[in-house]
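One structure is given below, encoded as structure tokens.
What follows is calculated from the coordinates using simple rules that are stated; it is not laboratory data. This one's a predicted model, so the numbers in the text were calculated from it and none came from an experiment. No Cβ is skipped: glycine too gets one built from the backbone with ideal geometry, and neighbour counts run over all protein chains shown.
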């Protein structure tokens, strides 16, 4: 074993960073044995040096992150501060001064991954970011390395624990969105400002990373169609149950059937209870991968939190340190296919549409005509009068108001959008209550 230690700079010492520092200290001997050389925590850059950090020597703390990554004797920089800047500038500076980088920064990798990979390659450095997607779940490396000889056609996953917790509580307890969000916040699953989670920004960044790796093409967060779950109601959850489904916020990355393009999207969707993702509960994550030779694979586990994310960071640290000792670098960006990202309008799936309609003769015929005129085939129809009477094929026509639920066969998103626009023009349609895609069939 080499006796000179590999020196590591840590940028950020919050929930994840402090756990990384703790494990590096308590498991130092094991890490050294696995790497082939000792690793030494050489400095930790923080914003609040006055904060008490149990078990972390005060002499390691600095507020000058730039000076830390410029030292020249740093072998690996671990970045867990998040956000675009100053993280991007610090990572680039680290490459320029001979360090490889391990990052948990999904937003930065999704927005500027190509430039970061180019900088790493220019300076013969590594850029690893397993922790940027799905916490402790090994996902980036299996896609980038284990499945490198296969053709991945689809990645479908629950990649945000906060939203899965909220939807799970709505499904199991009958709670509304606000009530479930309050519980998630009280338990620490949701931030004080939950926008990044509930509006799908967090999941969209992860979808961009997964799509880029899976399809060997460049996909940024701007390419990902994004919808949050704030409009999901208890009625949507109940309707899904009647169909034998549950509602999940899904990240879906797909290769077109002709292989000429890809799509990436994040939105709530109904999935059958028979699908493996339907059983993912609480704040857990799971990703379902469909590959040509390997078939269907599922990766499951805790997707966030200090210890799970630190586990992914340290796995990357071991890999990068081994590369350093070997005088080599690991896999960089693979974007040789250069496939275009198709717009959401070209996505083909099924839909669940809930309409508030006048409960009188001829309504169903009018609605069916609109669907037919826009090339969207109806699978099932269910109408429930406001008083509770339900019919599946012959509409209850009692005069007054009713909820009409239409489930379609597969159609393009553009065709569905034009259908909904025309439905809103009908005098007998008082409102389009909700639209939800049906996936996983």
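Of the numbered criteria (1) within 19 Å of the chain's Cα centre (by Cα); (2) farther than 30 Å from residue 190 by Cβ, the one residue 329 fails is (1). Scanning the range 208-227 for residues that are surrounded by 24 or more Cβ atoms within 10 Å (Cβ to Cβ), in contact with a helix residue (DSSP H, G or I) (Cβ under 6 Å, 6 or more places away or on another chain) and more than 12 Å from residue 333 (Cα to Cα) gives 208, 224.
Residues are listed down the side, and each one gets a yes or a no for (1) in a strand (DSSP E or B); (2) in contact with a strand residue (DSSP E or B) (Cβ under 6 Å, 6 or more places away or on another chain); (3) surrounded by fewer than 17 Cβ atoms within 10 Å (Cβ to Cβ):
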site: 285; (1), (2), (3): yes, yes, no
site: 307; (1), (2), (3): no, no, yes
site: 312; (1), (2), (3): no, no, no
site: 321; (1), (2), (3): no, yes, no
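Among the criteria (1) more than 21 Å from residue 165 (Cβ to Cβ); (2) out of contact with any helix residue (DSSP H, G or I) (no Cβ under 7 Å at 6 or more places or on another chain); (3) surrounded by 16 or more Cβ atoms within 10 Å (Cβ to Cβ), the one residue 258 does not fulfil is (3).
For the range 341-377, the candidate set comprises residues that are loosely packed, with under 14 Cβ neighbours inside 10 Å and part of a loop (DSSP other than H, G, I, E, B); within that set, the residue that is nearest to the chain's Cα centre (by Cα) is 343.
If only residues of the range 61-110 that are without any contact (Cβ under 8 Å) to a residue 24 or more places away in the chain and in a helix (DSSP H, G or I) are counted, the one that is farthest from the chain's Cα centre (by Cα) is 67.
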